[in-house]
Each structure stands twice: as structure tokens, then as C-alpha cells.
Amino acid sequence: MKVLVIGGGAREHALCRSLSQDPAVSELHCAPGNAGITQVATVHPVDQLDGAAVSALARRLAADLVVVGPEAPLVAGVADAVRAAGIPVFGPSAEAAQLEGSKAFAKDVMAGAGVPTARSYVCTTPAEAAEALDAFGAPYVVKDDGLAAGKGVVVTSDRDEALAHAASCERVVIEEYLDGPEVSLFAITDGVTVLPLQPAQDFKRALDGDEGPNTGGMGAYSPLPWAPEGLVDEVLETVLQPTVDELHRRGTLFSGLLYAGLALTSRGTRVIEFNARFGDPETQVVLARLRTPLAGVLHAAATGTLDQLEPLRWDEGAAVTVVIASEGYPASPRTGDPIEGLAEAEAADGTSYVLHAGTRVGDGGEVLSAGGRVLSVTATGTDLAQARDRAYGSLERISLKGGQHRTDIALKAATG
């Protein structure tokens, strides 16, 4: 199977790493890729938002499967263009991707499907926003209706800050605050069959102790030793399958990755948000534990044959990923700094490795920072404590001027 992955972040590096280890994959390509992906795939320049350019590249490579990683190309209809070219693609249509592209659309689908979620208001004026904030009270949850790379949400007890964020967005969803721990659960679907993966937890705030501004994610771990027994089955039954069925009822087939961000509240499990693609950095730890070869699973979703798959196999151990971000992230990240120690950070036995997010190759062949989140240092172990020790041990060998990372990823879960 010849596979083309679209994207250039740590999520795509994780996908490419898993696909490169799959004996069914004869050729692996990525566009546009990054400095790390070049080690496991052939990279190609492409405008990942241009469906015609992506489908032309897929045809030229005679790709048997295209995997669209990021949300922006999905919302832009890149998967539609590839499907129209007759090539199997893992990723929902532009219409189905509105589940992530519009918070208001997602709320409407959840209402139709009877999916438990926070009560909310859609607001387009400052007066509507003020009224909604007062209806719910603090802490205030204000979400940009559109795509914002994981940074469009403000949770604050400061009403002025909440109003300011609402005013900066064209349309916002203001909703009640959900208490309790958060869980990320991915499911692969062909639009009919829904196959849940293992749950993970990510860390959105920039600083230790969940302080500081919201980010795209500073680290993650899996499994969740504290999660209630039967959680995955419950979410499949009450959230994932009903959502896919509701979209199908509306004439919209959702084929690809459905990501449910969940809050385990005092009143039961509630959906915080949906995404229409693998999450970053949770993908890094979920794929680290997946033992079933990945290409066949993604191809089955793309061709409507998920019901014919054997049950997925998982590593019984744990995985932890810690993000190294550039100086100034998330407000104004600096780029262009050399990164050293990458080879030294990788374990010969594969128990720890570095996934690239915001990197590029310099004129002299050196690896340079090229984004806010630069690297995801990932490790596996027999338990969370061992995986965590390995991840932080590898991280210490990497040098990036002004680089920042959290020191408490998976700490609470690993220490009980």
C-alpha cells in the first residue's frame, strides 16, 4: 500500500512513524512534512488547503490511501477533492468536518442525537454575550465558533476577560462550566461502524499546575488508571455511535476520526467538544500503545469495511508525551533557533523517541525551530511512572534556546 499523509505537525509525525512500521506499507509520503518526518517518509511541498493540489499529488504518487491530519484542510474540503479523484481517503468531508469547524453546528447535532453536553447559547452581539454570561455565572466558558487551532476557548472567572474574548470573535458559543476531570477519546469510523481507541488525557494550560494561557496541548498520557470501568463502552453507546448515526440520518456520512473531548462531571459524562481529526498531543500516546498495524485500520475506515476488522490490539503498558515549546509560546513564539541533542534523546530500544511538530531543515542541514510547539518527546513503559521517567530523561538531552515545557505531565496519575 502506498500512503500519503497530509500535514506537518507532531500528530502527522506520529501517524507516519506508525505507518512506517506497518509491513503492509510499501511507500510512505507526507506533504508538506517537517524535519523529523523526513526520516520515515518522502516529503513533498504542497499547499495542504488546496484540494486540487493534494489530489494531483496523490494521483502522481499513485497513492492507495490519503490520510488528512489537520483540521483546516478537512474543513476546506481537501478530503472531498481526493475522494472525487477516486482515491480512498481517511478524513471526513467538509460538511461532516463542521462538527469541529462550527461549535454551533456540533451543538445542534448533539441535540438531535441526544448526546449529553453543556447547556449553551450561540451569540453574535456583545449584548447577547453579556446576557449569556450572566445566565450561567462564573466560571465563564467562551468558545470561538470557528477553528482556532485549539486556542479559541477562554475559561475565566473574570467577566471582562470573557466579554473581551467574545467581542474578538465573529460568533461565539457560551456555555455552562463543566466540573470534573477531562478525557480525550478517539474513535475511527466509516460512517456506520464506530471503533473506539484507548482514552488519553492532555494538558491544555501552558504552565505547571494548569496555570497560564490555553495552548494547543503541552503533553498527554495513556492509559487513565483513574477512569471509571466501562467508560469507553459508555461513551461509544451514549456519544460516539449516536453522533455518527445522527449525521448519517441528516445525509452526512462522517468517515474518519471522531474525537470526543469529555468531562467526567458530578452529573455524569458530558461532551465538551468534538474534533474531526486525531488530536495533538493525544495521538502521540495513543498510537504509541496501538499494536494493530495502522494502515489497514485507516484503509478500512476509508473504504467502509470497518465491520470486517479484528478487534484492535493494545500494549498493556503506558505512554507519556511532553511538548517542548518555543520561547514566547503561545502569544508570540520565536522561531529559527537550532535544536541540538535530538539523536541523543532517542533510545536504541525504541522506548523513547522524538516527534517533530514545528521544525524545519536549515540551509546547512541543521534542524531549526519553526513553530510554537516544536517537539513531542514520547516514551513508553510498563507503567506511567516508567514512561514518564523515560520521557523526561530524554527531554533533558535536548537543547533549544528559550525552550519551555511543563514538568508535571502525568505526575498525578503516575504517583496515585
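The values are calculated or read from the model by the stated rules, or taken from the named source; none is laboratory data. Remember, predicted model here, so these are calculated numbers, not experimental data. Please note: Cβ atoms are built from the backbone with ideal geometry, for glycine as well, and neighbour counts cover all protein chains shown. Just so you know, the surface numbers come from the protein's heavy atoms only, side chains and all, with ligands and any DNA or RNA stripped out. Shrake-Rupley method; radii C 1.70, N 1.55, O 1.52, S 1.80 Å.
Select, from 244, 232, the only residue that is of a type outside the set (Lys, Arg), in a helix (DSSP H, G or I), touching a Ser or Thr at 6+ places or on another chain (Cβ under 6 Å) and free of Cβ contacts under 8 Å to residues at least 60 places away in the same chain. Steps first, please.
On the way: 232 fails: touching a Ser or Thr at 6+ places or on another chain (Cβ under 6 Å).
Selected residue: 244, the only one of 244, 232 that is of a type outside the set (Lys, Arg), in a helix (DSSP H, G or I), touching a Ser or Thr at 6+ places or on another chain (Cβ under 6 Å) and free of Cβ contacts under 8 Å to residues at least 60 places away in the same chain.
Which residues, counting only those in segment 259-287, are open to solvent by 10 Å² or more (accessible area, probe 1.4 Å), over 20 Å from residue 194 (Cα atoms) and not in a strand (DSSP E or B)?
Within segment 259-287, 266, 267, 280 meet the criteria.
Are any of the residues in segment 309-328 touching a Ser or Thr at 6+ places or on another chain (Cβ under 6 Å) and modelled with pLDDT under 95? Spell out how you get there, then give the answer.
The initial filter retains those residues of segment 309-328 that are touching a Ser or Thr at 6+ places or on another chain (Cβ under 6 Å), namely 312-313, 317, 319, 321, 323, 326.
Checking the rest, the ones that are also modelled with pLDDT under 95 come to none.
Checked segment 309-328: no residue is touching a Ser or Thr at 6+ places or on another chain (Cβ under 6 Å) and modelled with pLDDT under 95.
What is the number of the single condition among (1) surrounded by 17 or more Cβ atoms within 10 Å (Cβ to Cβ); (2) over 18 Å from residue 270 (Cα atoms) that residue 240 does not meet?
The single condition residue 240 does not satisfy is (2).
Can you tell which of 213, 225 is modelled with pLDDT under 95 and farther than 26 Å from residue 94 by Cα? Give the derivation first.
Numbers: 225 fails: modelled with pLDDT under 95.
Answer to the selection: 213.
All but one of (1) without any contact (Cβ under 8 Å) to a residue 12 or more places away in the chain; (2) buried (at least 21 other Cβ atoms within 10 Å of the Cβ) hold for residue 53; state the number of the condition that does not hold.
Residue 53 satisfies every listed condition except (2).
Taking the stated definitions as given, is residue 206 of a type in the set (A, V, I, L, M), at pLDDT 95 or above, in a loop (DSSP other than H, G, I, E, B) and under 28 Å from residue 414 (Cβ atoms)?
On the way: of a type in the set (A, V, I, L, M): yes; at pLDDT 95 or above: yes; in a loop (DSSP other than H, G, I, E, B): no; under 28 Å from residue 414 (Cβ atoms): yes.
Criteria not met by residue 206.
In segment 184-231, which residue that is more than 17 Å from the chain's Cα centre (by Cα) and at positive phi is least open to solvent (accessible area, probe 1.4 Å)?
The selected residue is 191.
Any idea which residue in segment 1-29 is farthest from residue 83 (Cα to Cα), counting only those that are among the hydrophobic types (A, V, I, L, M, F, W, C) and in a strand (DSSP E or B)? Reasoning before the result, please.
Here is the first cut: in segment 1-29, the residues among the hydrophobic types (A, V, I, L, M, F, W, C) are 1, 3-6, 10, 14-16, 19, 24-25, 28.
Checking the rest, the ones that are also in a strand (DSSP E or B) come to 3-6, 28.
Working: 3: 14, 4: 14, 5: 15, 6: 14, 28: 19 Å.
If we take residues in segment 1-29 being among the hydrophobic types (A, V, I, L, M, F, W, C) and in a strand (DSSP E or B), then 28 is farthest from residue 83 (Cα to Cα).
Checking residue 8 against (1) open to solvent by 20 Å² or more (accessible area, probe 1.4 Å); (2) at positive phi, only one condition comes out false. Which one?
That leaves (2) as the condition not met.
Could you give me the residue pairs with C-beta distances under 8 Å whose first residue belongs to segment 374-390 and is without any contact (Cβ under 8 Å) to a residue 40 or more places away in the chain, whose second residue is surrounded by fewer than 22 Cβ atoms within 10 Å (Cβ to Cβ) and part of a helix (DSSP H, G or I) wherever it lies, and which are 6+ apart or on separate chains?
Sorted first by the residue in segment 374-390, then by its partner, the pairs are 385/414; 385/415.
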